[in-house]
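The values are calculated or read from the model by the stated rules, or taken from the named source; none is laboratory data. Predicted, not measured: the structure shown is a model, and the values here were computed from it. Note that each Cβ is placed from the backbone with ideal geometry, even for glycine, and that neighbours are counted across all protein chains shown. The accessibility values were calculated without ligands, DNA or RNA, using every heavy atom of the protein model including side chains. Shrake-Rupley method; radii C 1.70, N 1.55, O 1.52, S 1.80 Å.
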Amino acid sequence: YKNLIGKGLRCLLDVPHTSGQEVDRNAHHGLGRLCSQSSQPLGEKTPPLQLSSVGQTPRHFPAWNIQTKRSFHTSPSLQAAPVPLFWIIVKPAQKLLAIILGRSIRKWWKALPPNKRELFKESARKNKWKILLGVSSLGVVFVMFYFTHLEETPITGRARLLVFGKEHFRELSQMEYDMWMEQFENQMLPETDARYQVVERVVGHLSESNKDIPQVAALKWVIHVVDEPGVNAFVLPNGQVFVFTGLLDAVSDIHQLSFILGHEIAHAVLEHAVKKASLVHFLDFLSLIFLTMIWAICPRDSLAVVGQWIQSKLQEFMFDRPYSRTLEAEADKVGLQFAAKACVDVRASSVFWQQMELAETIQGQPKLPEWLSTHPSHENRAEHLDRLIPEALKIRESCNCPSLSGPDPRLIFRLNMQLLLESSKGREAPNSTKQDPSKPKLDFPHT
């Protein structure tokens with residue numbers, strides 16, 4: 001039963017990876033209203049935090065030493081509820097019925113004598129306007145359903161489709177929480193662990209600094225740090241925060257960690273799980289009509305299977321994946337605002353994604369086109385954040401945060417990249433005839 005639920009939920013919300021459109025550039029609230037009265041500088045609210053163990057030299061670019069994946073999953077692939085769960089379970093049955101219906105129509109048509117086929121064709125030509133009116137009426141019903149189920153997204157004010165009730169997702173998020181806890185029960189770090197305390201302080205500071213937002217204040221944020229090498233973090237709709245130790249190894253400082261956790265909190269506050277499940281359910285219902293038509297029109301079952309595969313891929317690449325990228329871009333924008341109100345150095349946000357891009361390049365991982373992904377590429381994500389940083393700095397200034405001291409972390413990263421390239425060229429030159437160019441051996445200079 002648990003396996004069925006887990007696979008079903010992932011089937012509902014796990015959409016493959018691909019250029020999320022840029023979300024609204026204007027925040028719903030003014031800069032003054034963005035700031036919580038209790039917002040304090042990060043340095044005042046939390047004492048200096050070290051991610052490295054005592055006695056160890058901090059690593060400046062630890063992402064080079066870890067195994068990363070093309071899609072940095074910063075959100076769980078499943079979040080649904082009892083009513084959505086019912087539709088997940090019956091979805092295979094719906095598709096099977098659509099296939100049986102379409103196949104039956106095809107067989108019935110083939111079994112008709114030629115004279116009766118001509119009679120049906122003639123009748124269809126005579127009543128083409130009635131048929132067109134019926135099809136148009138069906139389309140109007142779908143359009144009306146779509147627009148009558150639109151609501152305003154918190155903070156950004158964007159219109160969103162909501163098919164399922166939020167209370168259903170709250171119920172099932174508890175079921176999902178139990179599943180994660182059972183899976184990681186032997187990997188949870190104790191509250192006395194320094195890494196747990198770092199995450200707890202960062203989440204506490206973010207929530208305190210943004211408590212003027214009702215959706216943030218309404219949730220009780222509970223921390224769980226999992227001893228797992230994957231670069232991952234996610235927040236369930238009920239406020240349960242899961243952070244993998246692989247992410248703590250990947251970030252260079254507390255500011256990058258604050259932005260990533262702000263991004264995750266934004267997913268929960270903006271209720272992206274409900275939005276994603278609603279769109280997928282709406283599109284799946286529409287696809288049943290096309291599925292029936294494919295199996296009715298195609299002369300052979302083999303062609304119908306190919307047509308069904310093409311139809312599913314078109315839906316995936318034209319709707320599911322672009323929408324997932326849009327939600328990621330929206331969470332980046334709102335998460336950056338959360339971090340700015342917490343007096344974080346928001347300039348470090350784009351550096352994190354540049355480090356992830358560099359790590360993949362050094363590890364020789366294949367670079368896939370963005371349209372194949374549910375997440376924006378690391379490079380485009382960093383560029384998107386760079387465009388948002390000036391607005392975030394204004395928010396930070398309006399919240400009476402202390403001035404940022406020291407050089408821009410983006411500049412430091414670029415300078416280190418220059419040193420890295422110069423060092424690698426100098427070492428490659430003497431041994432250019434012996435070294436395999438597909439596997440460069442690079443020594444990274446300390447910063």
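Results, tabulated for the structure shown:
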| read-out | value |
| --- | --- |
| Residue within region 158-166 that is in a helix (DSSP H, G or I), closer than 30 Å to Ala329 by Cβ and within 26 Å of the chain's Cα centre (by Cα) present | yes |
| Which numbered condition Asp249 misses (of (1) open to solvent by less than 20 Å² (accessible area, probe 1.4 Å); (2) closer than 26 Å to Leu336 by Cα) | (1) |
| From His281, His267, His255, His263, residue being closer than 30 Å to Glu357 by Cα, open to solvent by 30 Å² or more (accessible area, probe 1.4 Å) and touching a helix residue (DSSP H, G or I) at 6+ places or on another chain (Cβ under 7 Å) | His255 |
| Selection count where residues are buried (at least 22 other Cβ atoms within 10 Å of the Cβ) and either outside any helix (DSSP H, G or I) or of a type in the set (Val, Ile, Thr) (or both), scope region 378-394 | 0 |
| Neighbours by Cβ (under 7 Å, 6+ apart or cross-chain): first from region 170-184, over 21 Å from Lys275 (Cβ atoms); second open to solvent by less than 40 Å² (accessible area, probe 1.4 Å) and not aliphatic (A, V, I, L, M) | Met179/Gly6; Trp180/Phe242 |
| Any chance Val344 is out of contact with any Leu (no Cβ under 7 Å at 6 or more places or on another chain), β-branched (Val, Ile, Thr) and under 25 Å from Gly406 (Cα atoms) | no |
| Some residue of region 169-186 being touching a Lys or Arg at 6+ places or on another chain (Cβ under 9 Å) and open to solvent by less than 40 Å² (accessible area, probe 1.4 Å) | no |
| Meets criteria (under 16 Å from the mean Cα position of the chain (by Cα) and assigned to a loop (DSSP other than H, G, I, E, B)) for Pro366 | no |
| Single condition Pro237 does not satisfy, out of (1) open to solvent by 70 Å² or more (accessible area, probe 1.4 Å); (2) in a loop (DSSP other than H, G, I, E, B) | (1) |
